[in-house]
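Enquirer: The structure's right below; bear with me while I get my questions together.
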Amino acid sequence: MKILSISHSCVIEEYQRRMVEVAKYPNVELTLLVPQHWLQFNKIVSLEKDSDENYLVISNEPITWGFKQNAFRNVTHIYPGIRQLLKRVEPDIVELWEEPFSAVTAHTIFWIKRTVPKARVIFFSAQNVFKRYPPPFWAFEKYTYENAHFAFLMNKEVIGVVRRKGYEREFAVLPLGVDTDIFRKKDVSSLKKGLGIRDFVVGFVGKITRQKGILHLIEAVSRISKKVQLLIVGDGELRDEAEQLIDGVGLRQQTIFLEGVLHSEIPDYLNCIDILVFPSITLPHVKEQFGRVIIEAMACGVPVIGSDSGEIPSTIDEAGLIFKEGDVKGLKEKIECLMSNRNLRSLLAKKGKKRVTEHFTWKKIAEAQYQVYRELMS
């Protein structure tokens with residue numbers, strides 16, 4: 001079966017691991033369409049992997065509507081020459097790792113219907129908050145729902161959203177995965193020395209935005225009387241406010257703030273911390289859809305503390321600790337609990353690695369995808 005997969009996030013090499021596993025099936029002929037460059041993690045990233053022995057990578061520079069913000073670029077880009085590519089590949093299945101309300105999804109489906117009308121179409125959605133979009137996005141979404149044959153949904157909350165909006169066909173809940181050959185326990189003593197790490201380290205990896213709850217984490221750590229360091233890896237619109245709060249609560253000497261870190265370097269920094277905190281909060285327009293860094297930390301044997309926002313509790317399950325979102329006192333108590341209990345940290349680390357192995361390896365994700373392919377082809 002011929003699969004055409006379209007994904008802007010696969011500009012990052014690690015995110016192509018899904019394709020590596022899918023392409024291992026002997027009857028799968030996979031072509032991946034990706035951008036040559038993309039705004040990822042608040043910076044422009046060039047395509048990290050442009051070839052593979054088991055699948056074809058085609059890179060093309062998308063056309064966007066001129067928006068610089070990452071969220072707008074994600075939903076306003078299209079690929080020039082998509083009609084010619086469809087004719088060349090003649091796919092049996094086209095999977096769009098893009099939201100149903102995005103321009104690239106509707107634009108691609110338009111040309112599928114006119115070029116390879118027998119092809120089955122799969123779209124992806126992680127949107128777990130019900131929203132009414134302005135034109136033309138509501139029209140893109142309606143068009144996708146009417147013409148797609150299947151949906152990969154990030155979490156169970158998305159089901160209610162797409163059903164309420166009119167999508168009536170089949171779906172599968174398909175979370176993200178992690179490469180356990182890359183994200184694993186490793187010796188990073190030289191890196192820790194270079195960073196000046198000497199005490200118990202609480203880590204945060206992600207966007208520095210209000211929704212990610214970084215300010216609550218800073219406040220919680222500032223209230224801990226024991227020796228503790230805070231390692232923050234990321235950047236974003238709340239960076240200046242976070243820096244000011246760090247100074248205001250007297251955490252400057254205890255805080256290591258790193259920006260511009262490549263995704264390939266994240267495993268090293270995860271191995272520098274004793275626990276990861278994922279303190280996201282729910283806002284009117286957004287709540288946590290999965291928490292990729294949670295499973296990355298688990299794969300590295302790092303215990304995790306997460307808020308109860310969105311999908312976080314389901315991602316962590318019993319392999320970590322959960323606190324009520326926005327509850328600084330509760331977060332402080334969870335951190336202190338793990339700081340003082342080495343056995344609990346060890347237990348959660350083992351549970352986390354087991355959970356990743358059973359549910360979140362790219363091999364497991366690819367197995368679920370392949371079963372969908374077979375069903376669509378039959």
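Enquirer: What is the dipole size for the chain, taken about its Cα centre, with +1 at each Lys and Arg Cβ and -1 at each Asp and Glu Cβ, in debye to the nearest 20?
Expert: Dipole about the Cα centre, nearest 20: 480 debye.
Enquirer: Now for a different question. On a C-alpha basis, how far is the centre of segment 72-96 from the centre of segment 303-378 in Å? Whole number, if you could?
Expert: Taking the Cα centre of segment 303-378 as reference, the centre of segment 72-96 is 34 Å away.
Enquirer: Let me ask something additional. What whole-number volume per residue, in cubic angstrom, does the convex hull of the C-alpha atoms of segment 65-175 give?
Expert: It comes to 103 Å³ per residue, whole-number rounded.
Enquirer: Sticking with this one: Measure off 7 Å from each Cα along the Cα-to-Cβ vector at residue 24 and residue 265, then give the distance between these two points in nanometres to one decimal.
Expert: The two pseudo-label positions are separated by 3.0 nm.
Enquirer: Can you pull the one-decimal nm distance between simple spin-label points at residue 58 and residue 139, each 7 Å off the Cα toward Cβ?
Expert: 2.7 nm
Enquirer: Quick check on my link table: of 43/227; 193/332; 2/350; 118/354; 156/324; 324/350, which ones sit more than 30 Å apart, alpha carbon to alpha carbon? Don't skip to the answer; put the middle values down first.
Expert: Values: 43/227 34 Å; 193/332 26 Å; 2/350 39 Å; 118/354 41 Å; 156/324 20 Å; 324/350 24 Å.
Over 30 Å Cα-Cα: 43/227; 2/350; 118/354.
Enquirer: For segment 1-82, compute the orientation-averaged projected area of the C-alpha convex hull (one quarter of its surface), in nm².
Expert: Values: hull surface 21.3 nm².
It is 5.3 nm².
Enquirer: Report the per residue volume, in Å³, of the convex hull enclosing the C-alpha atoms of segment 122-200.
Expert: 179 Å³
Enquirer: Given segment 250-295 reduced to its alpha-carbon atoms as identical point scatterers, what log10 I(q)/I(0) does the Debye formula return at q = 0.33 Å⁻¹?
Expert: Cα-only, vacuum Debye calculation for segment 250-295: -1.23.
Enquirer: For segment 189-359, what is the convex hull (Cα atoms) projected area averaged across all directions, in square nanometres?
Expert: Approximately 9.3 nm², given one-decimal rounding.
Enquirer: When only alpha-carbon atoms are used, what values of Rg and Dmax, in angstrom, describe the chain?
Expert: Just the Cα atoms of the chain yield Rg and Dmax of 21.2, 66 Å.
Enquirer: Running a GNM on the chain with Cα contacts under 10 Å, which residue among 227, 329, 353 ends up with the highest mean-square fluctuation?
Expert: 227
Enquirer: Add +1 for every Lys or Arg and -1 for every Asp or Glu among the other residues with Cβ under 10 Å from the Cβ of residue 375, and state the total.
Expert: Taking every other residue near residue 375 into account, the sum is +1.
Enquirer: What is the diffusion coefficient of segment 304-365 in µm²/s, taking the Kirkwood radius over Cα pairs and the Stokes-Einstein relation at 25 °C with a viscosity of 0.890 mPa s?
Expert: It diffuses with D of about 198 µm²/s by this estimate.
Enquirer: Tell me the net charge near residue 54. Cut-off is 15 Å between Cβ atoms, residue 54 excluded, with +1 for each Lys or Arg and -1 for each Asp or Glu.
Expert: Here the count lands on 0.
Enquirer: Okay, next question. I'd like the distance separating the alpha-carbon centroids of segment 7-52 and segment 126-162, in whole Å.
Expert: 23 Å
Values quoted throughout were computed directly from the atomic coordinates according to the rules given, and no laboratory measurement underlies them. Owing to the predicted nature of the structure, the values given are computational and were not obtained by experimental measurement. For neighbour counting, all protein chains shown are included, and Cβ atoms are generated from backbone atoms with ideal geometry for every residue, glycine included.
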